[in-house]
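Below you'll find the structure, written out as structure tokens, and then a few comments.
The values are calculated or read from the model by the stated rules, or taken from the named source; none is laboratory data. Here the structure is a predicted model, which is why all the values come from computation and not from measurement. Quick reminder, even Gly has a Cβ in these numbers, built from the backbone with ideal geometry, and neighbours come from all protein chains shown. Side chains are part of the model used for accessible areas, which takes the heavy atoms of the whole protein and leaves out ligands, DNA and RNA. Shrake-Rupley method; radii C 1.70, N 1.55, O 1.52, S 1.80 Å.
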Amino acid sequence: MPMAQTQKQILAATVTKLNTRQDNSKPKSELGGIVVLDFGGQYTQLIARRIREQQVFSAILPCTASLEEIRAYEPAGIVLSGGPSSVYDKDAPVCDPAVLSAQIPVLGICYGMQWIAKTLGGKVEPVPRREYGRAEFRSEECLPAGVLLQSLPGKLKIWNSHGDSVIAVPEGFRTTGMTENAIAAMENVSRRIHAVQFHPEVNHTEQGTSILRNFLFAVCKAEPKWSGVAFIEETVDAIRKKVGGRRAICALSGGVDSTVAAALVHRAMGDQLTNIFVNNGLLRKDEFEDTLTMYRERLGLNVIGFDATERFLGQLKGITEPEEKRKRIGREFIAVFSEEAQRLSAEGRQEPIGFLVQGTLYPDVIESVSVKGPSATIKTHHNVGGLPAKMPFALIEPLRDLFKDEVRRIGRELGLPDEILVKHPFPGPGLAVRVLGEVTREHLSLLRDSDAIVRQEIRAAGLYEKTWQAFAVLLPVRSVGVMGDGRTYGLTVAVRVVDSEDAMTADWTRLPAEVLERISTRIVNEVTGVTRVVYDITSKPPGTIEWE
Ligand code: XMP
């Protein structure tokens with residue numbers, strides 16, 4: 001599987017890490033929300049997003065976070081996430097039991113519920129039959145209804161995933177719901193501790209949002225005040241305070257994250273921010289020129305467009321191995337970017353450059369603090385090997401508290417055009433991983449023309465915003481054909497269109513036959529040198545989205 005190595009990761013590895021805020025204080029809009037303590041569950045990020053959808057801020061901390069770290073957020077409540085372990089495993093993750101007596105409301109979900117039960121003297125045992133998937137939850141026999149279940153039907157279809165279950169609730173607790181095999185909900189109203197065995201955060205759970213809302217608003221009395229506008233104002237303020245009169249640079253990739261980050265920082269410091277957009281010669285048809293124009297004319301950004309096509313293609317000469325292509329492109333990108341940054345820094349008339357702006361998102365941050373058991377290992381996932389010595393810049397990462405959908409919303413608030421906000425993801429190494437085998441100018445040109453047709457037809461069919469990615473791949477495979485009276489022996493284009501939520505899994509898109517037909521006919525007629533078109537019907541897993 002190709003290692004996703006983005007420009008962000010490559011750049012971040014070369015600079016001193018420094019957040020927008022250096023001290024421990026949190027911005028005002030992040031206070032009074034919910035702290036989600038992570039036991040390593042697959043849905044932890046989803047819990048945090050669901051809470052934010054209710055306009056309540058949520059921060060994910062490893063379960064090993066100290067009470068002091070938790071209190072820094074002045075949280076209205078704490079959620080204990082699910083996790084893959086059994087509470088009886090030798091190295092089962094735990095959090096500080098003081099969390100349960102800190103006078104802060106607690107919601108335990110799945111493993112979180114089991115940990116609460118075990119810690120407070122209840123009984124947890126392996127269930128005779130592991131419950132996984134859909135189940136029926138009944139609260140109608142446990143009246144009066146628990147606070148989390150108020151105004152909800154007495155029977156709900158829920159989503160379960162557990163091997164242990166609570167068989168006796170701790171003293172002071174009351175069972176508020178059951179599934180066929182297990183106690184599925186409990187509460188201690190006076191201590192404001194609530195727990196459910198199932199996953200209210202997943203869509204398959206009926207009324208899951210209502211259960212979370214009951215926790216947020218009925219139990220925690222949280223205020224729904226997490227909004228894009230407040231975030232923009234606070235971030236702009238924080239950046240102004242931090243940079244003083246110094247300058248910053250930003251590497252734009254043409255994608256949503258770097259564009260929103262640059263637009264936000266530009267609002268704070270205007271033309272003290274210089275952006276660099278590098279043409280690596282591996283962009284799609286007309287992309288360099290069109291994106292540059294959009295940055296300058298529609299967003300008013302101060303952008304240097306740097307054409308380094310020759311340098312990148314020179315690095316790729318004779319290279320066929322995908323990871324080697326990625327490495328060389330990453331290295332060359334850093335070389336080009338640092339040279340340009342140094343040139344700018346050396347411009348004596350202006351203030352020195354002190355900062356590098358990055359579009360790091362919350363999932364990248366969480367990934368580097370997530371836990372595997374109690375010995376929380378911090379992954380330095382930004383560290384990409386083989387990079388040059390540190391650049392003398394500190395990082396500004398204005399999006400590091402946001403999920404992708406929130407970044408789009410902030411982008412919309414900032415007035416960014418739709419064409420950037422709904423743009424399909426595009427890999428950092430660009431078309432180099434879509435020209436299979438050696439990357440030559442001729443093959444790049446065939447791929448660009450074919451790819452443009454794929455995207456035009458997908459747009460024309462109204463499918464661009466419904467699909468995750470849609471692109472062409474050029475295969476170094478020749479096949480025989482006939483055109484007019486002549487025999488052809490040309491190359492093959494594979495068309496790849498996928499549906500996905502997050503690129504972790506993907507399904508091939510069932511395109512209408514007419515759309516496939518138009519794509520195929522146009523490519524073979526309009527792109528001289530390509531004589532065959534195939535459609536990729538591999539899902540991920542087992543395939544990946546990209547071919548290299
Ligand atoms: P795969 O091919 O691993 O791709 O299923 C998942 C998502 O990541 C993108 N991708 C990359 N992005 N650098 C990037 O910035 C890379 O090297 C890279 N490889 C894959 C891919 O387009 C898809 O959205």
Notebook entry, point to check: With respect to ALA494, is the statement that it is farther than 21 Å from SER258 by Cα, modelled with pLDDT of 95 or more and within 14 Å of the ligand (Cβ to nearest atom) true?
Noted result: yes
Checklist line | region 317-336, residues that are within 15 Å of the ligand (Cβ to nearest atom) and in contact (Cβ under 8 Å) with a residue 24 or more places away in the chain | finding: ILE319, PRO322, GLU323, LYS325, ARG326, LYS327, ILE329, GLY330, ARG331, GLU332, PHE333, ILE334
Note to self: Would you confirm whether or not region 378-389 contains a residue that is of a type in the set (Lys, Arg), open to solvent by 20 Å² or more (accessible area, probe 1.4 Å) and at pLDDT 95 or above?
What the structure shows: no
Next item on the list: Please tell me if GLY245 is open to solvent by 20 Å² or more (accessible area, probe 1.4 Å), assigned to a loop (DSSP other than H, G, I, E, B) and farther than 23 Å from ILE104 by Cβ.
Entry: yes
Next item on the list: Consider TYR73 carefully, then state whether it is of a type outside the set (A, V, I, L, M) and surrounded by fewer than 24 Cβ atoms within 10 Å (Cβ to Cβ).
Entry: yes
Next item on the list: For region 497-548, enumerate the residues that are more than 16 Å from the ligand (Cβ to nearest atom), more than 13 Å from ILE453 (Cβ to Cβ) and buried (at least 19 other Cβ atoms within 10 Å of the Cβ).
Entry: LEU511, THR531, ARG532
Notebook entry, point to check: If you take the residues in region 410-431 that are over 17 Å from ALA262 (Cβ atoms) and part of a helix (DSSP H, G or I), which one is nearest to the ligand (Cβ to nearest atom)?
Noted result: GLY430
Checklist line | Residue check, SER101 crowded, with 22+ Cβ neighbours inside 10 Å and polar (S, T, N, Q) | finding: no
Checklist line | Candidate set from region 447-457 (those that are touching a strand residue (DSSP E or B) at 6+ places or on another chain (Cβ under 7 Å) and not aliphatic (A, V, I, L, M)); member that is surrounded by the fewest Cβ atoms within 10 Å (Cβ to Cβ) | finding: ARG455
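Each row is one residue, and each column tells you yes or no for (1) assigned by TED's automatic domain parsing to the domain that holds ILE410; (2) open to solvent by 20 Å² or more (accessible area, probe 1.4 Å); (3) outside any loop (DSSP other than H, G, I, E, B); (4) not charged (D, E, K, R).
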site: ARG240; (1), (2), (3), (4): yes, yes, yes, no
site: ARG267; (1), (2), (3), (4): yes, yes, yes, no
site: VAL278; (1), (2), (3), (4): yes, no, yes, yes
site: GLY281; (1), (2), (3), (4): yes, no, no, yes
site: GLU289; (1), (2), (3), (4): yes, yes, yes, no
site: GLY318; (1), (2), (3), (4): yes, yes, no, yes
site: ARG328; (1), (2), (3), (4): yes, yes, yes, no
Check: For residues in region 305-316 being outside any helix (DSSP H, G or I) and open to solvent by less than 40 Å² (accessible area, probe 1.4 Å), which is farthest from the ligand (Cβ to nearest atom)?
Finding: GLY305
Check: So, in region 148-195, of the ones that are surrounded by fewer than 16 Cβ atoms within 10 Å (Cβ to Cβ) and among the β-branched types (Val, Ile, Thr), which residue ends up nearest to GLN207 (Cα to Cα)?
Finding: VAL189
Next item on the list: Would you be able to say whether some residue in region 117-135 is aromatic (Phe, Trp, Tyr), surrounded by fewer than 22 Cβ atoms within 10 Å (Cβ to Cβ) and under 35 Å from the mean Cα position of the chain (by Cα)?
Entry: yes
Check: Condition test on ALA460, is it open to solvent by 30 Å² or more (accessible area, probe 1.4 Å) and away from the ligand (no atom under 16 Å from the Cβ)?
Finding: yes
Check: Tally time: how many residues in region 23-42 are modelled with pLDDT under 95 and either on the phi > 0 side of the Ramachandran plot or open to solvent by 50 Å² or more (accessible area, probe 1.4 Å) (or both)?
Finding: 7
Check: Restricting to region 47-70, what's the tally of residues that are over 26 Å from GLU233 (Cα atoms) and surrounded by fewer than 21 Cβ atoms within 10 Å (Cβ to Cβ)?
Finding: 4
Check: Which residue out of GLY133, GLY83, GLY108, GLY112 is of a type outside the set (A, V, I, L, M) and assigned to a loop (DSSP other than H, G, I, E, B)?
Finding: GLY83
Item checked: Options LEU212, LEU156, LEU152: the member that is in a helix (DSSP H, G or I) and in the same structural domain as GLY133 (by TED's automatic domain parsing) -> LEU212
Check: Within region 76-96, which residues are open to solvent by less than 40 Å² (accessible area, probe 1.4 Å) and over 15 Å from ILE47 (Cα atoms)?
Finding: ALA76, SER85, SER86, VAL87, ALA92, PRO93, CYS95
Notebook entry, point to check: Being within 16 Å of the ligand (Cβ to nearest atom) and modelled with pLDDT of 95 or more, is that true of even one residue in region 436-445?
Noted result: yes
